[in-house]
Amino acid sequence: MKIELLSSTKNQDINISDNAFSKDFNESLVHQAVVSYMAGSRQGTSKQKTRSEVRGGGKKPYRQKGTGRARAGTIRSPLWRGGGVTFAATPRDYSKKINKKMYRAAIRSIFSELLRQGRLVAIEKPVLEKPKTKEIANFLKEFSLSKVLIITDELDVNLYLSARNIPNVDIITVREINPVNLIKAQKVAVTADAFKKIEEWIDA
């Protein structure tokens, strides 16, 4: 399969793998991958104290009978101000397991759908001697890329610093690809070297 490589000098076609970019869209599998990724992103560090964990309250506040009040054995009861929490939150692991083969299949499915919808494009990697936002802005304007996720093969500090102040433009490497940022992106622009790394990853 061939895809046009958008270049400032001369547009040309590059070959991409049919196995990686021509799959049917599997909505249920993609949903599993998205849920797994988002669940794994949760910290799960919420913590509250139960009545046994709150300090104090060892002494019975008043005698059992004769006061006209309800019986109380501790001032750290959940019914009292300053007491423990009835159903206290505890740290937990929210992660949901998904097999590596299923995850790669979901990424293949997303990339294939992006290509069918015309949201996946190949671009030459901008070469910058120093961070310059104006140069990247002009580069994106040349190819009508306003809201775009740019995927590179490796981190380019100059490119990242140049694009970070441009609204709706994100720069990530192949290692940072996940189903959520692919789905959210209006357009996904991938460099030629990044295409090769993506094929090696999702074709494995």
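Each value in this text was obtained by applying a stated rule to the coordinates, not by laboratory testing. Because the structure is a prediction, the values reported are computed rather than measured. With ideal geometry, Cβ positions are generated from the backbone for all residues, glycine too; neighbour counts draw on all protein chains shown.
How big is the antiparallel share of DSSP beta bridges in the chain, given as a percent to the nearest 5?
20 percent
To the nearest 20 debye, what charge dipole does the chain have about its Cα centre, counting +1 at the Cβ of each Lys and Arg and -1 at the Cβ of each Asp and Glu?
Around 2680 debye, computed over the chain.
In segment 168-194, which residues have a backbone nitrogen under 15 Å from the label point lying 7 Å from LYS147's Cα in the Cα-to-Cβ direction?
168-170, 181-189
Could you calculate the FRET efficiency of SER95 with GLN117 from 1/(1 + (r/R0)^6), where r is the beta carbon distance between them and R0 is 35 Å, rounded to 0.05?
After rounding, the FRET efficiency stands at 0.70.
Count the lysine pairs in segment 1-70 whose Cα atoms lie under 28 Å apart, taking only pairs 8 or more positions apart in sequence or on different chains.
Number of lysine pairs found: 6.
With unit charges on the beta carbons (Lys and Arg positive, Asp and Glu negative) and the dipole taken about the Cα centre of segment 47-90, which residue among PRO61, ILE75, THR86 sits farthest to the positive side?
The one lying farthest along the dipole's positive direction is PRO61.
For each of GLU53, GLU199, count neighbouring Cβ atoms within 10 Å of the residue's Cβ, then give the residues from fewest to most.
Final ranking by Cβ density, sparse to dense: GLU53, GLU199.
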